[in-house]
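Worksheet for the structure shown next.
The values are calculated or read from the model by the stated rules, or taken from the named source; none is laboratory data. These numbers come from a predicted model, not from an experiment. Here the Cβ positions follow ideal geometry from the backbone for every residue, glycine too, while neighbour counts run over all protein chains shown. To get the accessible areas, we keep the full protein, side chains included, count just its heavy atoms, and leave off ligands, DNA and RNA. Shrake-Rupley method; radii C 1.70, N 1.55, O 1.52, S 1.80 Å.
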Amino acid sequence: GWVCIGEPVEYEEVSDGNPSRHVLKPTRGSAVTNPANDPTMYTVDVVAQINVGGVQCKAKRSLYYQVEEPYQPFPLDTLPICNGEELKLDLLEYMEKKDPERVLVFSNYSKVSWYVDDQLYSEGFTLNLDGTTLEGTKLTQVVEQTACPTVRKDYVISHANRPHVTLSSEKGKMCVGDTVSLLVQTDNATKLEWQRVDNWGEFQTFEFTNVVDRFKISPSLTSKYRVKASLIGCETTSDVVEVEVQYPVEVTLSSNLEGKQVTLCRDDEAWF
């Protein structure tokens with residue numbers, strides 16, 4: 001039958017018509033997968049010590065059972081929901097990243113329900129919730145399992161506003177190789193991603209930082225920069241700035257007098 005890993009399971013041993021009861025506490029490490037391509041089927045060897053006429057005998061029998069591992073709730077406690085934006089949770093995708101072996105058991109033998117302020121909102125492994133939910137709304141996740149206890153987890157929704165960001169340059173024009181500061185203004189972003197245009201006109205990331213208010217650049221071929229402001233739970237925003245880069249004027253001087261002694265009489269002609 002089905003058992004939950006870590007939960008005690010009582011089984012009965014019968015020897016010479018005399019039953020006795022034992023408690024088995026299955027653990028993932030002590031069980032043997034059987035067959036190898038089915039992570040839900042396990043075996044465990046139970047060895048009973050039997051006293052027959054003063055002689056200690058051993059009786060061994062293998063028990064086969066299918067197992068569930070207790071579901072660990074989605075880590076939503078610190079995730080804000082951005083005002084006016086959608087929140088999408090996918091439990092199977094989340095579990096696939098953490099432990100692919102558990103997905104088969106969970107998807108086949110678990111039922112997931114979502115409640116908003118104690119009212120049933122939807123059922124299924126994914127949740128789509130828009131960001132218009134009021135601050136302090138209670139979101140409840142209920143997971144019913146075959147053998148493991150039902151998991152009920154409450155979250156209190158906290159709102160965050162999409163981060164605002166503007167990017168500007170302290171100089172509109174500069175000479176190639178000079179240094180100029182790009183100035184950033186943002187309100188509640190937690191991370192900035194700096195990008196610049198490459199030789200093919202595409203933005204490429206060159207720096208991740210916590211929020212800082214300026215960044216010094218010395219552009220050569222490119223002068224277009226972008227900063228992307230991030231906040232968990234909210235859509236990323238960005239702003240672009242372009243600084244005009246000028247190159248030094250190169251001057252060469254030539255004359256028909258090159259290689260000659262430069263001595264001119266009045267009315268002689270020379271050009272430069």
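Structure data summary
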{"item": "Filter on K88/K171; K173/K228; K88/K216; K98/K228; K153/K228 - keep pairs with C-alpha separation over 31 Å", "result": "K88/K171; K88/K216; K153/K228"}
{"item": "Accessible solvent surface per residue of the stretch 179-272, calculated while the other protein chains remain in place, 1.4 angstrom probe, Å²", "result": "72 Å²"}
{"item": "Charge tally in the Cβ shell below 14 Å around W271, where Lys, Arg are +1 and Asp, Glu are -1, W271 excluded", "result": "-2"}
{"item": "12 Å Cα-Cα reach of K138 towards aspartates and glutamates, excluding residues that sit fewer than 8 places from it in its own chain", "result": "D77, D117, D118, D154"}
{"item": "Area of K173 that stays accessible when all protein chains are in place (1.4 Å probe, Å², to 10)", "result": "130 Å²"}
{"item": "Aspartates and glutamates with Cα under 12 Å of K111, excluding same-chain neighbours fewer than 8 positions away", "result": "E123, E144"}
{"item": "Counted charge near T140, where neighbours are those whose Cβ lies closer than 10 Å (Asp, Glu -1; Lys, Arg +1)", "result": "0"}
{"item": "Exposure rank, largest accessible area first [Y115, Y225; 1.4 Å]", "result": "Y115, Y225"}
{"item": "Where R266, R102 fall by accessible area, highest first, once all protein chains stay in place (1.4 Å)", "result": "R266, R102"}
{"item": "Nonlocal amide H pairs with A160, under 5 Å, H built at 1.01 Å", "result": "I81, C82, N83"}
{"item": "List E193, E86, ordered by accessible area with a 1.4 Å probe, largest first", "result": "E86, E193"}
{"item": "Net charge contributed by nearby residues that have their C-beta within less than 10 Å of V197 (K/R +1, D/E -1)", "result": "0"}
